[in-house]
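What follows is one structure encoded as structure tokens, with my remarks underneath.
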Amino acid sequence: MSRGETPEIGSKRLLKAGAILSLSFYFTIAAGINRGDEAWFLQVASRVARGEVLYRDIFYGAGPLAVYATLPFIRVIGVEVVAVKLVVAISYTLSLLFGLRILRYLKARRRARLSFIGLNLLLAPPSAVTPYQTLANAFLMATFATTVEAYPIPEKPGRFYKVAALIGIWSGLCFVTKQNIGVYGFAAAWTSLALGCFLIADVRPSGNPTALSIEREDGAHIRAGRSRALDCRSARRDISRPTFLRAFGLSLILLALTTALALVPTLLSGGWSKFLEYGFINKTTYLRTGVPYASELLQAIGAVRSPRPPGPSFQSPRLALEMIFRAVQLSSFLLPLLIVPIWPLGWRRSDRRYWVVFGCFMAAALAGLYPRADYRHMLNAVPALLVGAVWAWEGWTGPRSAWRHKFDNLIASAVAASLSLAIALPLFQLVKGYRVLSQLPHFRGPLIEPALQAHLQWETAFLRRLGTGERLLLLTPHAGFFYLTTGLRNLTPYDYPLVTAFGLHGEEMIIEAIERGDIEVVCAQLQIDEMRAAKIEDYVVRNLEPVARFEEFTIYRRPRAMR
């Protein structure tokens with residue numbers, strides 16, 4: 001409970017946090033099973049829980065903190081996807097709570113804060129993703145909130161040093177969760193603070209709506225017409241440059257110290273060199289296989305324009321409703337385009353330095369989309385974008401504006417109605433039998449279509465029979481999922497055999513293992529896109545014998561000449 005809060009206010013906020021967490025976990029369960037990223041992360045965490053060493057024995061391209069955060073849930077629940085979903089739900093909840101903290105600090109109305117929560121849950125609900133994305137976003141939002149609370153800067157520098165220390169700690173935690181987001185958050189915080197302390201005037205609207213009031217160094221106020229350029233050099237400087245530099249140095253030291261402490265287990269376990277390779281050096285491969293924002297935006301626009309394609313689905317209200325909600329969620333890609341005209345409205349707020357803070361952190365959130373601007377990355381940028389949009393909208397017109405009051409009521413009602421339908425839809429699907437609770441090994445609990453579950457059980461049984469007593473390699477984007485459901489052990493460090501997940505020499509290492517006989521059977525789902533492990537696939541096709549086909553898999557075995 002914050003200073004000055006009554007126990008009643010603290011209890012209400014605790015209940016609100018519990019409600020957001022419950023809804024977040026509900027949506028992660030309703031999102032089903034992601035046999036790619038989510039299953040891979042669970043496989044990585046399960047191998048660490050078994051005693052294998054992260055990075056040294058297991059490929060993992062992000063910081064270790066999300067894995068560490070998931071391990072306690074795995075020890076309590078077991079190796080179940082529900083443990084991963086709990087971490088995602090908690091991280092998502094923290095992101096929204098920090099967004100609420102920002103809006104509350106800036107005196108946003110209660111309806112605006114509730115709309116912020118509702119729009120997040122509607123446009124970008126927590127999905128079946130890896131926890132390191134949502135956890136890093138939670139730390140980014142914490143850095144955002146701390147930077148906002150730096151203003152107004154007090155006369156004594158002690159509080160500014162505290163803010164600087166918290167920025168360093170939050171950014172460090174973010175860095176050891178997902179490296180690029182930590183860098184973006186730290187840069188956004190100190191860029192906005194530097195601009196706000198030394199370049200942006202502390203501008204406050206006066207009683208005359210056509211004039212602005214600027215506080216000078218001597219405490220007097222001057223008035224300037226709204227249409228004239230403001231002389232920022234006449235504004236009062238909040239903090240001296242030496243104090244600012246000392247605070248920045250403190251923040252940088254705590255960033256480094258937090259990062260170092262989180263990486264001590266990696267260093268002591270012998271995974272340091274692989275951490276550098278997977279987490280930094282190998283990122284050039286990841287950058288070459290990106291998904292541009294423009295292509296995802298065009299897909300979103302197409303989905304929004306025609307969410308109900310002709311055909312049998314048009315006759316099914318259930319499928320039509322699912323497609324409409326999918327189109328609504330894809331419309332989150334339109335947020336950056338909507339922010340462009342909305343964000344400048346914040347220039348009219350009581351302190352323009354907040355405008356700079358919001359701009360820097362929204363830019364940091366959008367930078368986190370690079371190089372793969374798909375929906376799973378986009379949903380992590382939505383909280384920062386929405387908190388900026390809500391803040392700018394709140395300050396555009398006066399609170400007594402009748403038209404804005406009616407428009408706000410309309411938006412709030414539409415969000416509440418749509419969110420209610422989004423909550424009811426998975427329950428309706430469950431009651432009608434369109435989806436059931438998964439009973440797949442290690443993936444019990446999430447909703448899944450009965451036909452898909454039966455198909456996956458059939459594939460799991462086949463792969464288990466194939467791999468029993470064999471040195472088997474699964475060469476498929478769903479390798480992590482099938483290693484878990486079959487109980488087969490991966491003989492390599494690579495649970496996500498895509499070109500981005502092999503490090504510098506991983507593909508060559510797999511080929512050498514096949515030539516030595518450490519791997520005798522390869523179950524390959526050959527791909528045609530840029531993410532495929534081309535060296536391994538080409539080697540397998542040229543040198544191994546295809547002995548069977550099963551669904552989308554081709555079974556290859558080492559020929560007698562290689563034995």
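The values are calculated or read from the model by the stated rules, or taken from the named source; none is laboratory data. Because the structure is a prediction, the values reported are computed rather than measured. Positions of Cβ are generated from backbone atoms using ideal geometry, with glycine treated the same way; all protein chains shown enter the neighbour counts. Heavy atoms of the whole protein, side chains included, go into the accessibility calculation; ligands, DNA and RNA do not. Shrake-Rupley method; radii C 1.70, N 1.55, O 1.52, S 1.80 Å.
For the stretch 355-429 and the stretch 435-485, compute the distance between their C-alpha centroids and round to whole Å. For the stretch 355-429 versus the stretch 435-485, the Cα centre distance is 37 Å.
Amide hydrogen proximity for residue 475: with H placed 1.01 Å from N in the peptide plane, the residues at 5 or more positions away or on another chain lying under 5 Å are 523, 524, 525. Measuring between alpha carbons in the structure, the pairs from 16/156; 85/432; 85/107 lying more than 29 angstrom apart are 16/156; 85/107. Note that the stretch 248-259 has calculated 3J(HN,Hα) couplings of 4, x, 4, 4, 5, 5, 5, 4, 5, 5, 4, 4 Hz, one per residue in order, obtained from phi through the Karplus relation 6.51 cos²θ - 1.76 cosθ + 1.60 (θ = phi - 60°); glycine and proline are x. Straight-line reach from residue 535: taking Cα to Cα under 16 Å and skipping same-chain neighbours fewer than 8 places apart, no lysines fall in range. The P(r) of the stretch 485-546 has a tail past 14 Å containing 57 percent of all C-alpha pairs. Distant-in-sequence amide contacts of residue 372, defined by a placed amide H-H separation under 5 Å and a gap of 5 or more residues or a different chain, comprise 291.
Scalar couplings 3J(HN,Hα) for the stretch 532-537, obtained by applying the Karplus form with A = 6.51, B = -1.76, C = 1.60 to θ = phi - 60°, are 5, 7, 4, 4, 5, 4 Hz; x denotes Gly and Pro. Estimated at 0.36 nm per residue, the fully extended path between residue 451 and residue 542 surpasses their Cα-Cα distance by 29.2 nm. How large a share of the accessible area of the stretch 449-562, in percent, is made up of carbon and sulfur atoms when the probe is 1.4 Å and the other protein chains stay in place? Ligands and nucleic acids excluded, carbon and sulfur reach 52 percent.
Placing dummy labels 7 Å off each Cα toward the beta-carbon, the span from residue 464 to residue 338 is 4.7 nm.
For the stretch 389-516, just say rounded, prolate or oblate: build the C-alpha gyration tensor, square-root its eigenvalues into a ≥ b ≥ c, call rounded for a/c under 1.5, and beyond that prolate if a/b exceeds b/c, oblate if not. Don't skip to the end; give the middle numbers.
Numbers: a/c = 6.26, a/b = 1.99, b/c = 3.14.
The shape class here is oblate.
Available extension along the chain between residue 76 and residue 8 is 21.2 nm, counting 0.36 nm per residue and deducting the alpha carbon span.
Between residue 159 and residue 56, the modelled labels are 4.8 nm apart [label points 7 Å from Cα along Cα→Cβ].
Per-residue Karplus couplings for the stretch 268-281, computed as 6.51 cos²θ - 1.76 cosθ + 1.60 with θ equal to phi - 60°, are listed in order as 6, 8, x, x, 4, 5, 6, 4, 5, 5, 6, x, 9, 5 Hz, Gly and Pro entered as x. With a Förster radius of 22 Å applied to the beta-carbon distance between residue 107 and residue 245, the computed FRET efficiency rounds to 0.10.
What net charge is computed for the residues neighbouring residue 505, neighbours being all others with C-beta under 10 Å from the C-beta of residue 505, Lys and Arg scored +1, Asp and Glu -1? Counting the neighbours of residue 505, the net charge comes to -4.
For the pair residue 427 and residue 367, label points projected 7 Å from Cα toward Cβ lie 4.3 nm apart.
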